[in-house]
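Trainee: Here's a structure for you.
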Amino acid sequence: MSEMYTQQVMDHFTNPRNVGEIENADGVGQVGNAKCGDIMRISIKVENDVITDVKFRTFGCGAAIATSSVATEMVKGKTLDEALALTNQMVIEKLGGLPDVKIHCSVLAEEALHAAIADYKAKHGK
Amino acid sequence: MHAMSTTKRINMDHAATTYLDPEVLGIMLPWFTENYGNASSVYAEGRTARQAVEDAREQVRAALGAKALQEIYFTSGGTESDNWAIKGFADANQRKGNHIITTNVEHHAVLHTCQYLEKKGFEVTYLPVDHEGRVSAQQVADAITDRTILVSILFANNEIGSINPIAEIGKVCRERKVVFHTDAVQAVGSVPIDVEAMNIDMLSLSAHKFNGPKGVGALYVRKGIRLENLIHGGAQERGHRGSTYNTPGIVGLGAAIQRATQDIPAKSARLAALRDQLINRITGEIDHVIVNGHRTERLPNNVNVCFRFIEGESLLLNLDMLGISASSGSACTSGSLDPSHVLLAIGLPHEIAHGSLRLSLGVESTQEDVDRVMEVLPGIVRKLRDLSPLYADYLQQKNA
Ligand SMILES: Cc1ncc(COP(=O)(O)O)c(C=O)c1O
Ligand SMILES: [Zn+2]
């Protein structure tokens, strides 16, 4: 795999999509920690089991920012089950690959999304 | 990294490497072509090349204030010089003791060499630095035991620029009869060095840090010190380091060190003024900034700061897109999970260390370069903070 960032990574890094936090979100997930250098927070709005809105904030490297941006794009408008099926491998493919040393940063997007959905389910007794 | 071909590139990473001075290149070129002889050959071409090598040795000797030409050995760079000084000395002197003293902020060329020697049964004391990244002569004095054979202490820190009290440490080592090595790779050409006045017994340097070629360096070894060979081979360097002389590189090292050590006070004063301006403008125009390293006992070309709530690699990528090369000690730039050992050693918590930025100036740096950095840096930091959940949390707590 490439040692450098692809054009898709740089595109999401320079113009991240869906930045911010949803007010009165239905679910919020935060993963990572400041110690290892990447933190990701994803908030979702859910209607009839469909993610109608999703926003993120990320503290981290280029790969962490790009993967969270693309992940939010990939799950917007999807059902919760579809969103839960999202893996970091799919995110990496969408970005045209990531340098090997950056694979661990991409796991966070999947984890943050799963955490947000789990939070939604817990709050809504599902 | 992605470069934008339209913008003029600004090098703010001279601590990583410098450009080859075109004059030095001009001096090197004939030694690749017309005068390509092997400097060990007895015939005319060899003797010509050998003379060039010996002229360069004299240039290095003079730049360091060393007494004798035989005290200068040419190597493949700073890393080899550090390895040779430490492993070669440990090997040759283990009868006298097995204790080595160094610091916890050394370059990996020293740190990993010492860790290797620990595996081989040596005992190594890693002196902790203060919050500015320095050790004191007193710390060294207190750590010396009757088993101590070698003290190896960084002259000037490659990340945060702090300069150690080398002359004081040299004095302590001389009084206690312990050999003193210093990795001066970042210091040569920036700080006046005199191995006699400073009681330095061994010193490592590397040409590409002062506008010389890459892949060539030198090790100063005071007369009378015994080193085991690191590179076994032919009879070059009086049998102490095999391998055909890298004549063009050695000639380039000599020419570069002569130029770099001319008029250090004037050159350093100019760079220090730009450095201080950068530090003052960064801390003045951007909130939540921590300046790393000593404010005055500092390399004239080094700026190192941490921006809270953001991560270093994303900062570097943004600067790169705007034509500026810089470096960071964040984990994601080092390829490990931990930020730089230097930033942790000066007591920074992980999350702050991840947000570090090193800007290092060089001979061609100008006021315009500094202005350009300040034109873009505050906006980049703002943009990344807008993305940061840590900054959002901070604002929320502040407003609560
Ligand atoms: C303090 C220090 N020591 C050693 C080295 C290694 O030098 P070289 O690249 O010539 O092997 C460097 C260069 O990065 C350095 O900054
Ligand atoms: Zn990362």
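The values are calculated or read from the model by the stated rules, or taken from the named source; none is laboratory data. If you're wondering where the values come from, they're calculated on a predicted model, not measured in any experiment. For neighbour counting, all protein chains shown are included, and Cβ atoms are generated from backbone atoms with ideal geometry for every residue, glycine included. Calculation scope for accessible area: heavy atoms of the full protein, side chains included, ligands and nucleic acids excluded. Shrake-Rupley method; radii C 1.70, N 1.55, O 1.52, S 1.80 Å.
Trainee: Residue under question is B:GLY242, and the condition is that it be open to solvent by less than 50 Å² (accessible area, probe 1.4 Å), away from ligand 1 (no atom under 16 Å from the Cβ) and over 15 Å from B:ALA184 (Cβ atoms); does it hold?
Mentor: So B:GLY242 fits the description; yes.
Trainee: Have a look at B:SER388, B:SER325, B:SER365, B:SER360 and point out the one that is at pLDDT 95 or above, more than 16 Å from ligand 1 (Cβ to nearest atom), within 29 Å of B:ARG270 (Cα to Cα) and crowded, with 17+ Cβ neighbours inside 10 Å.
Mentor: Going through B:SER388, B:SER325, B:SER365, B:SER360 in turn, the sole match is B:SER365.
Trainee: Further question on the same structure: Within the range A:1-117, considering only helices (runs of 4 or more DSSP H) that don't extend past its boundaries, which have at least 2 residues that are among the hydrophobic types (A, V, I, L, M, F, W, C), within 11 Å of chain B (Cβ to nearest Cβ) and within 16 Å of ligand 2 (Cβ to nearest atom)?
Mentor: Working: elements: A:7-14, A:62-75, A:80-84, A:88-94.
Once the helices (runs of 4 or more DSSP H) in the range A:1-117 are filtered for at least 2 residues that are among the hydrophobic types (A, V, I, L, M, F, W, C), within 11 Å of chain B (Cβ to nearest Cβ) and within 16 Å of ligand 2 (Cβ to nearest atom), what remains is A:7-14, A:62-75.
Trainee: Checking the structure you have, find out if any residue of the range B:277-296 is surrounded by 17 or more Cβ atoms within 10 Å (Cβ to Cβ), among the hydrophobic types (A, V, I, L, M, F, W, C) and within 24 Å of B:LEU219 (Cα to Cα).
Mentor: Scanning the range B:277-296, I find no residue that is surrounded by 17 or more Cβ atoms within 10 Å (Cβ to Cβ), among the hydrophobic types (A, V, I, L, M, F, W, C) and within 24 Å of B:LEU219 (Cα to Cα), so the answer is no.
Trainee: Now, a different point. If you go through the range B:327-337 one residue at a time, do you hit one that is more than 10 Å from chain A (Cβ to nearest Cβ) and touching a Pro at 6+ places or on another chain (Cβ under 8 Å)?
Mentor: Looking through the range B:327-337, at least one residue is more than 10 Å from chain A (Cβ to nearest Cβ) and touching a Pro at 6+ places or on another chain (Cβ under 8 Å).
Trainee: Right, here's the next one. Can you tell which of A:ILE51, A:ILE65 is farther than 29 Å from B:VAL381 by Cβ, crowded, with 19+ Cβ neighbours inside 10 Å and touching a strand residue (DSSP E or B) at 6+ places or on another chain (Cβ under 6 Å)?
Mentor: Exactly one residue qualifies, and that residue is A:ILE51.
Trainee: Specify the residue that is nearest to ligand 1 (Cβ to nearest atom); the eligible residues are those in the range B:285-310 that are of a type in the set (D, E, K, R) and more than 14 Å from every other protein chain (Cβ to nearest Cβ).
Mentor: Among those residues, the one meeting the criterion is B:ARG298.
Trainee: Now for a different question. So the check is Cβ under 6 Å with 6+ separation or different chains; which pairs have a first residue in the range B:204-231 that's within 11 Å of ligand 1 (Cβ to nearest atom) and a second one that's part of a loop (DSSP other than H, G, I, E, B) and among the hydroxyl-bearing types (Ser, Thr, Tyr)?
Mentor: Sorted first by the residue in the range B:204-231, then by its partner, the pairs are B:HIS208/B:THR17; B:GLY215/B:SER76.
Trainee: Of all residues in the range B:311-326 being more than 10 Å from chain A (Cβ to nearest Cβ) and part of a loop (DSSP other than H, G, I, E, B), which is nearest to ligand 2 (Cβ to nearest atom)?
Mentor: Top of the filtered list is B:ALA326.
Trainee: When the range B:88-120 is examined, which residues are found to be open to solvent by less than 50 Å² (accessible area, probe 1.4 Å) and within 12 Å of ligand 1 (Cβ to nearest atom)?
Mentor: B:THR103, B:VAL105, B:GLU106, B:ALA109, B:VAL110, B:LEU111, B:THR113
Trainee: Would it be correct to say that B:ALA85 is more than 14 Å from chain A (Cβ to nearest Cβ), within 16 Å of ligand 1 (Cβ to nearest atom), surrounded by 19 or more Cβ atoms within 10 Å (Cβ to Cβ) and assigned to a helix (DSSP H, G or I)?
Mentor: yes
Trainee: Is the range A:92-111 home to any residue that is of a type in the set (Lys, Arg) and surrounded by fewer than 22 Cβ atoms within 10 Å (Cβ to Cβ)?
Mentor: Checking the range A:92-111: at least one residue is of a type in the set (Lys, Arg) and surrounded by fewer than 22 Cβ atoms within 10 Å (Cβ to Cβ).
Trainee: So which of B:GLY65, B:GLY46 ends up being at negative phi and either within 16 Å of ligand 2 (Cβ to nearest atom) or surrounded by 15 or more Cβ atoms within 10 Å (Cβ to Cβ) (or both)?
Mentor: After applying the criteria, what remains is B:GLY46.
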